[in-house]
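The block underneath contains the structure these notes are about, expressed in structure tokens.
The values are calculated or read from the model by the stated rules, or taken from the named source; none is laboratory data. Just so we're clear, the structure is a prediction, and the values are computed from it rather than from any experiment. Positions of Cβ are generated from backbone atoms using ideal geometry, with glycine treated the same way; all protein chains shown enter the neighbour counts.
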Amino acid sequence: MTTKENPPASAAQEAPASGDPSKAVLKRSRRDVLRSGGMLSMSSLMGTAALMAQPGEAKAAVEWAEHFQKNYRLMTPEEKAEARLRLEKRYSGEYNKKVSVDITEAQPGVLMGYALNIRKCIGCRRCVKACVEENNQSRGARPGERIEWIQVLRMERGEFTADKMNQGYPEGLGIQVGGNAYSPAGQVLEGQYQYTPEAVPEKDANYMPIACMQCEKPPCVKVCPVRTTYREADGPVVIDYNWCIGCKMCMGACPYWARRFNLTTPVLPKEDMNPVTHYLGNRPRMRGVVEKCHWCLQRTRHGRYPACVEVCPVGARKFGNLLDPESEVSKILARKNVFRLKAELNTFPKFFYFYD
Amino acid sequence: MKRFAVPAAVLALCGAAILSVLAQDKPAGGEAAAPAAAAASAPAEVICFESRKGATEITQREIKPGLPNVKCSPTTGAALWYADPYEGTVPMGKMPQMEAIPEGLAVVKPRSEKLNLLAQCGTACHNGTYPVGFPKTNRPVPIPTMEALLPDAKNLQHGRGRVWCLDCHHNTKRNMLVDHYGDPISIDQSQLLCGKCHGDKLRDWRDGIHGKRIGDFTSTGKKRWFTCTECHNPHNVQDGARNKGFIQLQPETPPQLPRGFKDAAFEKTHAIPQH
């Protein structure tokens, strides 16, 4: 236990500004009263845990300060910068490398949109793994320790046949719908996620990747009791992990099965950790919070494509600025056949499926 | 909001107390495993393919301490993650109807130096003169001498046999392709050749709808464009009987099974009823 602390302890040795109660600036809000009161009343309770926690006071103080910070949306720019420094220090110590935590806001004139060509997708799942590499998901082997935000759904192809021409439902009542009615021609199984063929694409299958649709009217945001999840001005729905209480209401509300819950402490090997992070994006999560796709905010806020777009071998995934008529997504919306998943739910996703 | 915030903070506090205690032994195990893994992978050079096997490849190296330029999939050997999307690229050069893109913003990865046979073809046999017995017409014929060199030549599946070597390759400059006027074009600009027939695909490729690009997503940003032959094998473009434009690949591993399930049989228990 004692051998491993040396680099983290030295990196995090300087006490964070807001971690020390004696340095706390006097403020008038109810939350700050709670904060100072909590410091006194809870310190004895936390003291034992802090003593047992080995990197010592620095890490304990950082966590202490993290627990008492505001909802990210209510923070002033100074508080955001403070939170950023605090996290950078802690992560750099924990992962033995220089970790940056970006707090770039939504850029003016950018509204992100995503398009996916379902005729092109070959079901190779490279996007799934790229997402894990980029976004620091948990990648353990025990149950509940592996988290993937994208899922690729395999659907078997059916067919229309001439001998079913006059068949329909219900049979024998004289009311026939006819013309292959009610035979599941496009699909003969519910979707499969666990397919393991030697090679993809298979002859009789279609593939449909799903992830967060970044809805314009997101049900998950509506139900969040602590308002930790919300839409950013440039489109993506994000989560302030520090404010999440893990109630999983959003997971129940999401019609696209796009959210994942950290049931265990995330397993993130130090050497695989991606050190370029965003506060609302891929910074390492804690146990007991919900996480989801955020279109790689740490990349897209600086103009870079999301990780899943960059690795798709067939170029089925497209990303762009919906406000820019020259962008790829705008051209797809203008020119191709586009649909949105579960459009009848009026969630208005900014993720468009298309085919040509 | 405030009503929820107070219990939330208390919950978080208690959780943190437990977490900080539990977190103790976690990193120790990870640390022990890390040097072993690093020692095993250090000596061998890791090369992964980008879009399809046999086309562009990329060698893994460190661009910063602990940060590789690319991550390769341990199961399939495919490139999984780019830290530097522009590595080894050169400006794409002039393209018709793409004059608006400033020089240097559209880059491609040259493959011509990787194709070993090219230098040979230009010097050894086809040094600008037709060999003896060379067919005088464009009728596709079997080429027994080339089959040993190019396994692709045996099952040329382009245009269902209507296309043959010299429809694409320049007849005297063997390491070049040929455009509509019979002028040579670089093998790194295969889109100029492919667009001769596949004009609709060329238009979509130019507008970013077809094909793959990496780098900057804004319409004015710098991008690495993937040219036609980085994804499609021009000699076997229909992939045999499957009649598809993209060759089959080994998929990555499936997601973790739900808790309590031994295999994926549960996925097949919900067949849609047939009437």
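Of the strands (runs of 3 or more DSSP E) lying entirely inside the stretch A:238-297, those containing at least 2 residues that are under 11 Å from the mean Cα position of the chain (by Cα) and more than 13 Å from chain B (Cβ to nearest Cβ) are A:290-292.
Within the stretch A:283-308, the set of residues being touching a residue at least 60 places away in the same chain (Cβ under 8 Å) and touching a Leu at 6+ places or on another chain (Cβ under 8 Å) comprises A:283, A:284, A:294, A:297. Candidates are the residues of the stretch B:234-257 that are touching a Phe, Trp or Tyr at 6+ places or on another chain (Cβ under 8 Å) and facing chain A (nearest Cβ under 9 Å); the one that is farthest from residue A:200 (Cα to Cα) is B:255. Tallying residues that are touching a residue at least 60 places away in the same chain (Cβ under 8 Å), surrounded by fewer than 22 Cβ atoms within 10 Å (Cβ to Cβ), more than 9 Å from every other protein chain (Cβ to nearest Cβ) and part of a strand (DSSP E or B) within the stretch A:114-166 yields 1. Of the residues making up the stretch B:183-198, none is surrounded by fewer than 21 Cβ atoms within 10 Å (Cβ to Cβ), in contact with an Asp or Glu (Cβ under 7 Å, 6 or more places away or on another chain), closer than 25 Å to residue A:296 by Cα and not basic (Lys, Arg).
When the residues of the stretch A:66-100 are filtered to those that are under 21 Å from residue A:244 (Cα atoms) and outside any helix (DSSP H, G or I), the one that is farthest from the other protein chains (Cβ to nearest Cβ) is A:76.
Which one of these is free of Cβ contacts under 8 Å to residues at least 60 places away in the same chain, assigned to a loop (DSSP other than H, G, I, E, B), surrounded by fewer than 21 Cβ atoms within 10 Å (Cβ to Cβ) and not hydroxyl-bearing (Ser, Thr, Tyr): A:217, A:222, A:203?
On the way: A:217 fails: free of Cβ contacts under 8 Å to residues at least 60 places away in the same chain; A:222 fails: assigned to a loop (DSSP other than H, G, I, E, B).
None of the others qualify; the one that does is A:203.
Residues checked against (1) touching a strand residue (DSSP E or B) at 6+ places or on another chain (Cβ under 6 Å); (2) at pLDDT below 95; (3) within 24 Å of residue A:152 (Cα to Cα):
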| residue | (1), (2), (3) |
| --- | --- |
| A:272 | no, yes, yes |
| A:322 | yes, no, no |
| A:330 | no, no, no |
| A:356 | no, yes, yes |
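Go through the stretch B:192-233 and count every residue that is acidic (Asp, Glu), facing another protein chain (nearest Cβ under 9 Å) and either within 11 Å of the chain's Cα centre (by Cα) or in a loop (DSSP other than H, G, I, E, B) (or both). The qualifying residues number 1. Among the residues making up the stretch B:258-275, those that are facing chain A (nearest Cβ under 9 Å), at pLDDT 75 or above and farther than 16 Å from residue A:190 by Cβ are B:259, B:260, B:263. Here the stretch B:52-84 is the region considered, the condition is being acidic (Asp, Glu) and without any contact (Cβ under 8 Å) to a residue 40 or more places away in the chain, and the residue that is surrounded by the most Cβ atoms within 10 Å (Cβ to Cβ) is B:84.
Restricting the stretch B:62-108 to residues that are under 18 Å from residue A:98 (Cα atoms) and part of a loop (DSSP other than H, G, I, E, B) leaves a set whose member that is modelled with the lowest pLDDT is B:66.
For every residue, the table says whether it meets (1) among the basic types (Lys, Arg); (2) touching a Leu at 6+ places or on another chain (Cβ under 7 Å); (3) modelled with pLDDT of 85 or more.
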| position | (1), (2), (3) |
| --- | --- |
| A:151 | no, no, yes |
| A:157 | yes, no, no |
| A:162 | no, no, no |
| A:180 | no, no, no |
| A:202 | no, no, yes |
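Would you mind stating whether residue A:308 is more than 11 Å from chain B (Cβ to nearest Cβ) and within 28 Å of residue A:103 (Cβ to Cβ)? When the stated conditions are applied, residue A:308 does not pass them.
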